[in-house]
Amino acid sequence: MNRRMIAACVMLLTALPCGLGLAAESGPLRIKGSNGELIVDAKGISIAPSNASCPTVTAKNIPMWAVLLQKAGEPPVKGAPAVLEDRKQTVKRETGPDSIRLIYESLTDGKQTWQVSLTLDIHRRGDAFEVTGEIKNNEPGWIVCGFTGPVLDGIQTDLATHPLLLADGFGRRVNRVPDEKGKAAPWHSAGKRFEVATRYPSRSGTMQWCTLAGQQGGLYLACHDAAHGAKDFCVRFDPTDKRFGFAIKHRFFRAAGKSWSLPPTIFLPYEGTWHTAAHYYRDWIDAATPVLKTPAWTQNASGWLLCILKQQNGEVLWDYPSLEQLAEVADQRGLDILGLFGWAHGGHDHLYPDYFPDPKMGGEAALRKALKEVHRHGKRAIIYANGQLEERDTEFWKTQGKDLAVIKRDGVSVQETWHKYRNAPSYHFDVACLATQGWYDRMLALAIQANNLGADGILYDQLGVVGPKACHATGHQHPMPSTVCTNDRTQFLQRIADHMKTINPDFIVMTEGLHDSIANSISLFHGCVLGVFGTSSGDMMARIHGSSVSAAFPEMFRYTFPEVMSTMRNPTPMINRVGTNYACVYGFRHEIESRYAPDVRYLKEDKVPEASEYREVLSPPNIGMMQATSPEEANAYLKRVVEFQRKNADLLWRGRFVDDQGFAFSGENLIAKAYVAGNRTGVLVWNPSNQSATFTLSVPHAKLASASEPEDDNPQAFAALAPQTVRLLVWEKP
C-alpha cells in the first residue's frame with residue numbers, strides 16, 4: 001500500500017463527528033512542526049513555538065471563522081449581511097499525518113440553515129503551519145460575500161520587545177498599544193478592543209504579511225494568495241488581558257452554484273530578526289509572481305521633476321517649447337526624468353480620459369519637437385494619464401464611459417471630486433472598472449499615443465493607491481457583483497506593459513502608490529505611501545528610539561523587494577537636506593514638483609514665494625521648507641548628492657538593499673543601511689540629528705576600501721559624523 005493510500009485510510013479511520021462547534025470532549029488535535037506545535041480544540045487555534053523568543057498563542061474561546069451571506073439581486077442591495085460563526089455549527093473532524101480537516105456540511109445562525117458548506121484544512125508546510133479550505137454555495141437566492149479567518153486570539157507578546165510590522169505603504173512599525181481612550185493612530189476602537197488594519201492590495205496594504213518581530217524570534221502571519229484577492233489584515237488588542245488577536249477578512253462574492261478557495265494562510269514561528277520573515281515571503285513571491293526586471297535606464301535614474309504644464313483652471317504654466325528649459329532646470333538639480341502632468345488640452349484633473357495635445361501650448365508638432373529636445377539634454381519624459389477617472393457629462397462619459405463605471409450596492413457609481421482652486425470650479429468623475437474591455441482599450445491607446453509622441457513611458461495615476469471595491473454593474477467582464485481592483489488590476493497593467501514591450505522595450509509603465517500585486521508590470525512607482533513622504537530630524541529621532549506609538553518603517557518593503565524603485569513624494573519645487581539624505585540612504589528616487597505659478601517662478605528665477613501667493617490654492621506646497629533654505633543651497637546639495645550616488649551607482653542604485661544585515665554597527669542617533677553588489681558592501685551612515693556623533697562599524701571578513709561623502713571625497717572613515725551628513729564606507733571581501 002503506497003503512502004497516499006495509507007494517509008487516506010488514516011483520515012477515514014479518524015473521522016469523528018462532533019456536536020456544536022469543536023466539542024471539548026473530542027480532545028485537542030495537534031500538528032507538530034520543526035518550529036513548534038499547533039493545537040486545535042474547543043477554544044480555537046493555539047500555537048506553542050519551540051523558540052522561547054517567539055510569541056505564543058493560547059486560544060481564548062472566540063469564533064475561529066465567520067462566513068458572510070447576502071441576498072442575491074441587482075442593486076440596490078438592502079440589509080446587512082448575515083454573519084455565520086463557527087460556534088453554532090456541526091463539524092466533522094478528520095486527521096492525518098501532519099494535517100487536520102474540519103468539515104461543515106451546512107451553516108446556520110441558530111434560526112435558519114443555509115446550504116453553504118465549508119472545509120478547512122490545517123497542515124504543516126515545511127517549517128510553517130498552513131490553512132487552506134473551500135466554501136461551496138448551494139443556497140439559491142443567496143451570495144457568499146466574505147470570509148473572516150482563520151482567527152488567532154490570545155497572542156502573548158509585548159510590543160516593546162516585539163513590535164508589530166505592518167505592510168502599510170513601505171512599512172509601519174507599531175511600538176505601543178493605545179491608551180485607554182484609544183486615541184493613538186493607527187489604532188481605532190473595535191468594540192471593547194482596539195484594532196489596526198491594512199487593506200490589500202492598496203497603498204495601505206502593500207504586501208500580504210505582517211509580523212510580531214523580536215530580535216531573536218517572531219511570529220510571521222501571512223496569506224500566500226497568488227491571485228491578489230481583496231483582504232484586510234487585522235490585528236487587535238484586548239486591554240483586559242493584554243493579549244493580541246489576528247484575522248484576515250477576505251472580501252469576495254460567490255453566487256449559488258459557485259465555490260471559493262481560501263488562499264493559504266501561513267503561521268510561522270521563526271528564529272532570528274524580522275528579515276527571516278521577509279525572506280520567507282519573498283521566496284513565495286518569486287515562485288508565484290516574479291517581479292519585473294526594469295530597463296537599465298530606470299535603474300540608473302536619479303529621480304524626476306514632476307511638472308504640471310496646464311492646471312485645472314486652464315492656466316498654462318509651461319508650454320511645450322519651454323520643456324527644453326524645464327530639462328535644464330532638472331539638470332541643475334541632477335534629476336534625470338521629467339514627469340509631464342497636465343500636458344493635454346484639458347489640463348490637470350479635467351476632461352479625463354481624453355488627452356489631446358493642446359494648441360494653446362503649441363500643438364502636437366511642438367510637443368514632439370520638445371520631447372526630442374528633452375532627449376537631447378539627456379533626460380527622459382513620462383506622460384500622465386489617470387488610470388481610473390472619467391469626467392462626468394463629457395462626450396466620452398455620455399457615449400460609453402458611464403457604462404464602464406464601478407457601481408455600488410445602492411446602484412450609484414463610485415465617484416470622486418477634484419478641486420484645486422478656490423476661485424475655480426471643481427470637476428466630478430466616475431471611477432472606471434478595470435475589468436471592462438472598453439476601459440482597457442482606452443488606457444492602452446493612451447500608452448501607444450505616449451510612445452508615438454516620443455515619451456519614454458506613461459504614468460497611470462491612482463492605480464497603486466486605491467483599494468479593492470465591490471462592483472454591482474451588469475455588462476462588465478465580471479460576475480455581478482464582483483470585487484474589483486484586485487487581480488483584474490494586476491492583469492490590466494500586465495497586459496498593457498507586455499503590449500508596450502513589443503512596440504518599444506525601453507518604454508515603461510508607472511503608477512502612483514505601491515503594492516506588490518503590480519510589481520510584475522511597474523518599472524517605477526510614483527511614491528504616495530507611508531515611508532516616502534517628507535521627514536524631519538525630530539521624526540527620524542522618534543524612529544530611531546521608537547518613542548512614538550507607530551512610525552514609518554520603510555525597511556520592510558525595501559528589504560523584501562530591494563529592486564522595486566519608487567520616487568519620494570514631495571509636492572514642493574525643492575527638497576531640503578533632510579529629505580535629500582533620507583532618499584539617498586533608503587534608496588528612493590528624488591522628487592521635486594512644479595504645480596502652481598509661484599512654483600514656476602521659484603524654479604526659473606530662484607524667487608522664494610510668500611504664503612499669500614497661494615491664497616487661491618487648496619493644496620499649496622511646503623512654503624516653510626522653501627523659506628528655510630535658499631534655492632541656491634537646496635539645489636546645490638541635491639545635485640551633489642545625486643553626483644555622489646551616480647559615482648557609487650553600482651551599490652546605491654543597482655545594488656541590493658540589505659538594511660542593517662551583514663555588518664556590526666554602534667552609534668547614538670545614527671542610521672546605517674547597507675547595499676551589496678558582488679563582493680562589495682557599501683554602508684551609508686547618516687546623522688539626522690543636529691549634533692556630531694561618533695560610531696564604530698565593521699564588516700566581517702572584509703577590508704575597508706574607501707570612504708566618501710557628498711561634500712567630501714576623502715573624509716576620515718571613522719571620524720565623528722557632522723550633523724545632517726551622509727558618509728559611505730565601502731568594504732570589499734576577497
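The values are calculated or read from the model by the stated rules, or taken from the named source; none is laboratory data. Please read these numbers as outputs of a predicted model, since none were measured by experiment. Here the Cβ positions follow ideal geometry from the backbone for every residue, glycine too, while neighbour counts run over all protein chains shown. These accessible areas exclude ligands, DNA and RNA; they are computed on the full protein's heavy atoms, side chains included. Shrake-Rupley method; radii C 1.70, N 1.55, O 1.52, S 1.80 Å.
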*Got at least one residue in the range 559-569 being in a helix (DSSP H, G or I) and within 24 Å of Tyr200 (Cβ to Cβ)?*
yes
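Residues checked against (1) of a type in the set (Phe, Trp, Tyr); (2) farther than 30 Å from Leu371 by Cα; (3) open to solvent by 40 Å² or more (accessible area, probe 1.4 Å):
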position	(1), (2), (3)
Ile448	no, no, yes
Asn451	no, no, no
Gly454	no, no, no
Pro468	no, yes, no
His472	no, yes, no
Pro479	no, yes, yes
Thr483	no, yes, no
Asn487	no, yes, yes
*Considering the range 336-354 alone, what residues qualify as being more than 25 Å from Met568 (Cα to Cα) and in contact with a Leu (Cβ under 9 Å, 6 or more places away or on another chain)?*
His345, Tyr352, Pro353
*Select from the range 212-250 the residues that are open to solvent by 10 Å² or more (accessible area, probe 1.4 Å), part of a loop (DSSP other than H, G, I, E, B) and either among the hydrophobic types (A, V, I, L, M, F, W, C) or touching a Cys at 6+ places or on another chain (Cβ under 8 Å) (or both) and list them in ascending order.*
Ala226, Ala227
*Taking the range 596-620 only, how many residues are open to solvent by 30 Å² or more (accessible area, probe 1.4 Å) and either closer than 26 Å to Val683 by Cα or not in a helix (DSSP H, G or I) (or both)?*
9
*asked:* Let me confirm something: among Gly73, Gly44, which residue is closer than 15 Å to Gly149 by Cβ, touching a Gly at 6+ places or on another chain (Cβ under 9 Å) and not hydroxyl-bearing (Ser, Thr, Tyr)?
replied: Gly44
_Would you confirm whether or not the range 431-440 contains a residue that is surrounded by 15 or more Cβ atoms within 10 Å (Cβ to Cβ) and in a strand (DSSP E or B)?_
yes
*Among all residue pairs at least 6 apart or on different chains, which show Cβ distances below 6 Å where the first residue, located in the range 621-643, is more than 23 Å from Ile337 (Cα to Cα) and part of a loop (DSSP other than H, G, I, E, B) and the second is open to solvent by 30 Å² or more (accessible area, probe 1.4 Å) and modelled with pLDDT of 95 or more?*
Thr629/Asn576
*What about Met510, is it surrounded by 20 or more Cβ atoms within 10 Å (Cβ to Cβ), over 29 Å from Val412 (Cα atoms) and in contact with a His (Cβ under 7 Å, 6 or more places away or on another chain)?*
yes
_Residues of the range 676-692 satisfying the condition of being open to solvent by less than 10 Å² (accessible area, probe 1.4 Å) and free of Cβ contacts under 8 Å to residues at least 40 places away in the same chain_ = Asn687
*Name the residues in the range 441-459 that are acidic (Asp, Glu) and part of a helix (DSSP H, G or I), would you?*
Asp441
*Could you check, for the range 630-653, whether at least one of its residues is surrounded by fewer than 17 Cβ atoms within 10 Å (Cβ to Cβ), of a type in the set (Lys, Arg) and over 17 Å from Gln724 (Cβ atoms)?*
yes
_Checking Asp121 against (1) assigned to a strand (DSSP E or B); (2) farther than 26 Å from Tyr270 by Cβ; (3) charged (D, E, K, R); (4) open to solvent by 20 Å² or more (accessible area, probe 1.4 Å), the condition it does not meet_ = (2)
_Test set (1) touching a Lys or Arg at 6+ places or on another chain (Cβ under 9 Å); (2) buried (at least 21 other Cβ atoms within 10 Å of the Cβ); (3) hydrophobic (A, V, I, L, M, F, W, C) - Cys584 fails condition number_ = (1)
*How many residues are buried (at least 24 other Cβ atoms within 10 Å of the Cβ) and over 21 Å from Glu632 (Cα atoms) if we restrict to the range 322-336?*
1
_Residue count, the range 659-673 (criterion: open to solvent by 10 Å² or more (accessible area, probe 1.4 Å) and in contact with a Lys or Arg (Cβ under 9 Å, 6 or more places away or on another chain))_ = 3
*All positions within the range 281-315 that are open to solvent by 40 Å² or more (accessible area, probe 1.4 Å) and touching a strand residue (DSSP E or B) at 6+ places or on another chain (Cβ under 7 Å)*: Asn313
*Mind checking which residues of the range 315-335 are out of contact with any Leu (no Cβ under 9 Å at 6 or more places or on another chain) and without any contact (Cβ under 8 Å) to a residue 60 or more places away in the chain?*
Pro321, Glu324, Glu328, Asp331
_Would you confirm whether or not the range 534-551 contains a residue that is within 12 Å of the chain's Cα centre (by Cα) and either modelled with pLDDT of 95 or more or surrounded by fewer than 24 Cβ atoms within 10 Å (Cβ to Cβ) (or both)?_
no
*Within the range 378-429, count every residue that is under 30 Å from Trp297 (Cβ atoms) and surrounded by 15 or more Cβ atoms within 10 Å (Cβ to Cβ).*
11
*If you check Leu704 against the conditions, is it touching a residue at least 12 places away in the same chain (Cβ under 8 Å), open to solvent by 60 Å² or more (accessible area, probe 1.4 Å) and not in a loop (DSSP other than H, G, I, E, B)?*
yes
